[in-house]
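Participant: Structure provided below as structure tokens; questions to follow.
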Number of protein chains: 2
Amino acid sequence: MKNTPEKSKYHHGDLRTTLLTVAGEMLKEGGIEEVSLRKLAARVGVSRTAPYHHFKDKNALLCGIAESGFTQLHQMNKSSFKAEGPSTKEKFSSFIHEYVNFAKANPDLYELMFGRTIWKHENSSKESTQKLRDAAYPCFQYQVAMTREWQQLKLLNHSGEESALRASQVLWGTVHGIAKLLIDGIYTDVAHVEEICDYAVDMFLVH
Amino acid sequence: MKNTPEKSKYHHGDLRTTLLTVAGEMLKEGGIEEVSLRKLAARVGVSRTAPYHHFKDKNALLCGIAESGFTQLHQMNKSSFKAEGPSTKEKFSSFIHEYVNFAKANPDLYELMFGRTIWKHENSSKESTQKLRDAAYPCFQYQVAMTREWQQLKLLNHSGEESALRASQVLWGTVHGIAKLLIDGIYTDVAHVEEICDYAVDMFLVH
DNA sequence: CGCCAAAATATGACGGTGTCAAGATTGATT
DNA sequence: AATCAATCTTGACACCGTCATATTTTGGCG
């Protein structure tokens, strides 16, 4: 039924997947402002209201896209942290760089993932927002776990009582903030990404 | 002509100021989504297109609001940094706390000031965007200046070659990121603001 | 004072958006 | 074959930003 989605198109095929894919393309092409349900439907070749049978809201659709973004980000962190070659210190540096570069590579997706469009209030289907949280929360928890290890190895500069959660919030805040400022083109030049990340690493490591 | 704007109302009074004020109120009340030119015009008591004689765009209006936000933020930083009582170390801590609390107190304004709505592309009147930059840029420069002093006093943890610009970008990134995550309600509880800020201060100071 | 150009405001219209209600079509199940 | 629920379409509504055009008001000048 849901398997073998190759030729088993009854009405349209499985619209849900197609909508997510194409909407993701539109997001990448023209930013969040270019993503409208009507244009999406036209591009897919269905009527304007067809998507409403697979997503309660436009918001629910956007949550679906963001969801895959968090899965992707989570995956990236894991494979980087579990790598065998580099030292722990190098992995810390990798985390900073890779995180910011992920945002740099997918600016509109990142903007969507962390924008208030999605996270504010409970606009759309509770189920959809719940699924989003189910994808995003483990992603953050993994960052706490990584931070805990860096902390136990005395890598991070700090004097008072240690808290992996607090340290993780600060670290995530830093990469998130750098990424946002970079993406939005506020005062940082994209060309200096690596330099800024290197400097951040140096400021956090104990000397 | 532009002076004495008290009783010199010819058509409506000075609409421009009124529009900025009321739009700012609407922003504070219901977030950016509640700010529409039509509702704004209705609330002020003019026709829908009257605002277009004072702002080229909706974007230009938003830039005007954000502009005052940057002036406000700049002012806050200055008065805090120039205070006589506290030590430099305490001023550093104050900067972190006050910045994040500014965002916490005016979430929608802060979101607007740093959102891509305004900074992306050259949508609206160049003049408007230019005025915005003229308000925002000194604000950032002042943060670089503060950072330079902290750096020269050897307050900040760091090993390599010093750069006030890079350090400032990292610091701003951190407070900006914490503020954003907080505002958007992603994974941090607003109740923990002070704790998180304290922890950030501790991670940046040299021990 | 009277007139005129310019600034300010208003009305109408256009294309775009998200979303609901109601009807039509299809696929699978009995 | 008949039925039923899932799926899709059409029509409509209320918003939105913005342009073209007409109307009013103002300030300055002869």
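The values are calculated or read from the model by the stated rules, or taken from the named source; none is laboratory data. Keep in mind it's a predicted model, so treat the numbers as computed, not measured. Every residue, glycine among them, receives a Cβ derived from its backbone with ideal geometry; neighbour counts consider all protein chains shown. In case anyone asks, the SASA skips ligands and DNA or RNA and just uses the protein heavy atoms, side chains included. Shrake-Rupley method; radii C 1.70, N 1.55, O 1.52, S 1.80 Å.
Participant: For B:200-206, what's the mean count of beta carbons from other chains sitting within 10 Å of each residue's beta carbon?
Facilitator: Taking all residues of B:200-206 together, the mean is 6.
Participant: Starting from the Cα coordinates of region B:25-120, work out the convex hull volume and express it per residue in Å³.
Facilitator: Convex hull of Cα atoms, per residue: 111 Å³.
Participant: If the only charges are +1 at each Lys and Arg Cβ and -1 at each Asp and Glu Cβ, what is the size of the charge dipole of the protein assembly as shown around the Cα centre, to the nearest 20 debye?
Facilitator: Result for the protein assembly as shown is approximately 1500 debye, rounded to the nearest 20.
Participant: Hey, in the GNM for chain B with a 10 angstrom Cα cutoff, which one of B:ALA191, B:ALA145, B:ALA164 fluctuates hardest?
Facilitator: B:ALA191
Participant: Something else about it: Can you list the distances in nanometres, one decimal and ascending, from the A:GLN130 label point to the identical position in each other copy, with the point 7 Å along Cα to Cβ?
Facilitator: A:GLN130 label point versus its equivalents elsewhere: 5.5 nm.
Participant: Answer with one residue from B:VAL35, B:GLN72, B:LEU153: the one whose Cα lies farthest towards the positive end of the charge dipole of chain B, charges on Cβ with Lys, Arg +1 and Asp, Glu -1.
Facilitator: Result: B:VAL35.
Participant: Between chains A and B, what is the buried accessible area in Å², counting both sides, with a 1.4 Å probe and ligands, DNA and RNA left out, to the nearest 100?
Facilitator: Interface between A and B: roughly 4200 Å².
Participant: Quick one: label points 7 angstrom along Cα→Cβ at B:GLN75, distances to the other copies in nm, smallest first?
Facilitator: 5.0
Participant: Mind listing the label-point distances from B:SER87 to the same position on all other copies, shortest first, one decimal in nm, points 7 Å along Cα→Cβ?
Facilitator: 3.3
Participant: Using θ = phi - 60° and the Karplus form 6.51 cos²θ - 1.76 cosθ + 1.60, what ³J(HN,Hα) does each residue of region B:13-25 get, whole Hz, x for Gly and Pro?
Facilitator: So the J values, rounded to whole Hz, are x, 8, 4, 3, 5, 4, 4, 4, 4, 5, 4, x, 5.
Participant: Cut-off 10 angstrom, C-alpha nodes, Gaussian network model of chain A. Which of A:HIS54, A:HIS74, A:HIS176 fluctuates the most?
Facilitator: Greatest mean-square fluctuation among the candidates belongs to A:HIS54.
Participant: For chain A, what is the mean residue ellipticity at 222 nm derived from helices alone (per DSSP H run of n ≥ 4: -39500 (n - 2.57); sum divided by total residues; nearest 500 deg cm²/dmol)?
Facilitator: My calculation for chain A gives -21500 deg cm²/dmol from helical runs alone.
Participant: What percentages, rounded to whole numbers, describe P(r) for the protein assembly as shown computed over all alpha carbon pairs with 20 Å bin width beginning at zero?
Facilitator: Pairs per bin, as whole percents: 24, 53, 22, 2.
Participant: Right, here's the next one. For region B:31-45, just list the computed ³J(HN,Hα) in residue order, Karplus coefficients 6.51, -1.76 and 1.60, θ = phi - 60°, integers in Hz, with x standing in for Gly and Pro.
Facilitator: The phi angles translate into x, 4, 5, 8, 8, 10, 4, 5, 5, 4, 4, 4, 5, 6, x Hz.
Participant: Would you work out the charge dipole size for region A:61-195 about its Cα centre, treating the Cβ of every Lys and Arg as +1 and the Cβ of every Asp and Glu as -1, and quote it to the nearest 20 debye?
Facilitator: The dipole of region A:61-195 has a size of about 340 debye.
Participant: Output the pairs from A:LYS56/B:LYS58; A:LYS56/A:LYS120; B:LYS28/B:LYS180; A:LYS28/B:LYS120 with a Cα-Cα distance over 24 Å in this structure; if there are none, say none.
Facilitator: Flagged as over cut-off: A:LYS56/B:LYS58.
Participant: Let me ask something else about it. In whole Hz, with x marking every Gly and Pro, tabulate ³J(HN,Hα) for region B:100-106 from phi via Karplus 6.51 cos²θ - 1.76 cosθ + 1.60, θ = phi - 60°.
Facilitator: Calculated HN-Hα couplings, in order: 5, 6, 4, 5, 5, 6, 10 Hz.
Participant: Please list the non-local residues whose amide H lies under 5 Å from the amide H of A:LEU156, H modeled 1.01 Å from N, same-chain partners needing a gap of 5 or more.
Facilitator: Answer set, sorted by chain and number: A:VAL206.
Participant: Below 8 Å, C-alpha to C-alpha, sequence gap of six or more: please give me the relative contact order for chain A in percent.
Facilitator: The normalised contact order for chain A reaches 23 percent.
Participant: Counting each pair of different Cα atoms once, what's the Kirkwood radius of region A:92-173 in Å, rounded to one decimal?
Facilitator: With all distinct Cα pairs of region A:92-173 included, I get 14.6 Å.
Participant: Please list, short to long, the whole-number percent of alpha-carbon pairs of region B:58-204 in consecutive 10 angstrom bins beginning at zero.
Facilitator: That works out to 11, 39, 35, 14, 2, in percent per bin.
Participant: Taking the Cα centre of each part, how many Å lie between region A:56-116 and region B:129-161?
Facilitator: 28 Å
Participant: Leaving out ligands and nucleic acids, note down the accessible area per residue over chain A with a 1.4 angstrom probe, in whole Å².
Facilitator: Per residue, chain A has an accessible area of 49 Å².
Participant: Would you mind telling me which residue in B:LYS131, B:LYS91, B:LYS82 has the biggest mean-square fluctuation in a Gaussian network model of chain B, where springs connect alpha carbons within a distance under 10 angstrom?
Facilitator: Comparing B:LYS131, B:LYS91, B:LYS82 in a Gaussian network model of chain B, the most mobile one is B:LYS82.
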